[in-house]
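Participant: Below are the structure tokens for one structure; questions will follow.
Coordinate-derived values only; no laboratory data. Nothing here was measured: the structure is a model prediction, and the numbers come from that model. Cβ atoms come from the backbone with ideal geometry, glycine included; neighbour counts cover every protein chain shown.
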Amino acid sequence: MLFLLLPLLAVLPGDGNADGLKEPVSFHAIQIASFYNHSWKRYLASGWLSDLQTHTWDSNSNTIIFLWPWSRGNFSNGEWKELETLFRIHIIRSLEGINRYAHELQFEYPFEIQMTGGCELHSGKVSGSFFRIAYQGSDFVSFQNNSWLPYPVAGNKAKHLCKVLNQNQHGNDITHSLLSDTCPRFILGLLDAGKAHLQRQVKPEAWLSRGPSPGPGHLQLVCHVSGFYPKPVWVMWMRSEQEQQGTQRGDILPIADGTWYLRATLEVAAGEAADLSCRVKHSSLGGQDIVLYWEHHSSMGLIILAVIVPLLLLIGLVLWFRKRCFCEDTP
């Protein structure tokens with residue numbers, strides 16, 4: 001009843017190669033079904049190649065949206081139309097099934113079901129597959145060794161759901177085949193179709209700023225790194241060649257164009273900031289690290305103030321003088 005993922009995986013292509021594939025790469029689908037009451041529900045779904053979203057489901061038109069030109073892999077338009085039809089049917093049946101079993105499983109409205117399923121490749125070989133279902137944000141059941149197993153902390157509700165799902169052994173066999181065979185072949189197809197995009201190198205831009213004051217006599221130094229691809233990046237505040245262990249890295253966040261953004265902060269006493277620098281290492285830089293010095297940033301700020309403040313004063317003086325002349329000339 002909950003196989004929202006299966007239609008997506010069932011017809012995915014299998015050709016491609018893993019040349020140049022050095023890091024583990026995964027494809028996974030995420031589905032969220034929200035049930036406000038017995039008749040009002042909402043469904044969201046998306047497909048991801050590792051950290052890059054490749055597909056989404058438009059619940060208004062009941063169609064798959066391809067977020068990149070290569071998201072279609074090796075599929076024809078006709079094959080994707082067939083997939084949309086299969087997916088639409090399974091969504092309807094699954095949502096109806098959840099509603100039907102809600103009372104038996106003691107799911108109290110409103111509630112939410114989160115599902116994620118997919119597989120991972122490493123060096124072109126399958127390194128694992130997964131299909132997990134969560135209830136209200138907590139682990140509930142998972143698919144392992146061709147059957148559904150409850151998470152120990154999920155209690156009797158999860159045990160009962162597994163009993164229901166495991167009654168359909170044919171469905172379990174299909175799930176196992178899709179996760180362990182079809183899904184890895186689909187990843188290879190995506191990697192082949194999107195090779196130019198996925199293997200591109202985009203150099204980061206970096207700049208410094210001052211964050212909110214952490215306290216009297218202290219500064220928060222902020223190093224911004226933006227627009228880089230691929231995702232792995234190294235950013236550290238340095239004093240000469242010594243790494244500053246107080247460096248705090250935020251999450252690497254996605255940008256709409258498919259690149260990434262990161263900020264690294266460091267709190268220091270105001271008198272200890274002069275000889276600090278931010279160093280950025282990224283594969284696109286060819287070993288030529290970006291190094292930004294805080295003292296240069298501070299000096300530039302003083303220069304800007306030295307130019308802007310007199311300019312604003314001059315503009316104000318000119319406006320005041322014109323206004324005064326206008327008033328004197330007025331009878």
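Participant: Applying a 10 Å radius around every beta-carbon, put 218-227, 103-112 in order of their mean neighbour count, most first.
Facilitator: Descending packing order for the listed peptides: 218-227, 103-112.
Participant: Which trypsin sites (Lys or Arg not before Pro) from the range 187-253 combine a DSSP loop assignment with at most 14 other Cβ atoms within 10 Å?
Facilitator: Within the range 187-253, the qualifying trypsin sites (Lys or Arg not before Pro) (loop, at most 14 other Cβ atoms within 10 Å) are R200.
Participant: Show me the ranking of peptides 155-164, 58-67 by mean Cβ neighbours inside 10 Å, starting with the highest.
Facilitator: 155-164, 58-67
Participant: Still on this structure: Past 31 Å, Cα to Cα: identify those pairs from K157/K231; K195/K281; K125/K159; K41/K195, in the order given.
Facilitator: On the way: K157/K231 40 Å; K195/K281 23 Å; K125/K159 33 Å; K41/K195 38 Å.
Where the Cα-Cα span goes over 31 Å, the pairs concerned are K157/K231; K125/K159; K41/K195.
Participant: So if I take the centroid of the Cα atoms in the range 217-268 and the same for the range 23-84, what is the distance between those two points in Å?
Facilitator: The range 217-268 and the range 23-84 have Cα centres separated by 32 Å.
Participant: Between E104 and Q248, with labels modelled 7 Å along Cα→Cβ, what's the label distance in nm to one decimal, could you check?
Facilitator: Each label point is offset 7 Å from its Cα along the Cβ direction, giving 5.0 nm.
Participant: 7 Å from Cα along Cα→Cβ at both R239 and N37: what's the point-to-point distance in nm?
Facilitator: Placing both labels 7 Å along Cα→Cβ, they lie 6.3 nm apart.
Participant: Moving on to the next point. Would you mind putting 69-76, 287-294 in packing order, based on average other-beta-carbon counts within 10 Å, highest first?
Facilitator: Descending packing order for the listed peptides: 69-76, 287-294.
Participant: Using a basic spin-label model with each label point 7 Å from the Cα along Cα→Cβ, how many nm lie between V153 and I255?
Facilitator: With each label point 7 Å from Cα toward Cβ, the separation is 3.7 nm.
Participant: Turning to a different aspect of this structure: Going by a ≥ b ≥ c, the root eigenvalues of the Cα gyration tensor, does the range 127-251 fall in the rounded group (a/c under 1.5), the prolate group (a/b larger than b/c) or the oblate group?
Facilitator: Taking the square roots of the gyration eigenvalues as a ≥ b ≥ c, the range 127-251 is oblate.
Participant: Would you mind checking the range 84-124 for residues with the amide N under 19 Å from a putative spin-label position 7 Å along Cα→C-beta of H170?
Facilitator: Under cut-off, by backbone N: 86-87, 89-91, 93-94, 97.
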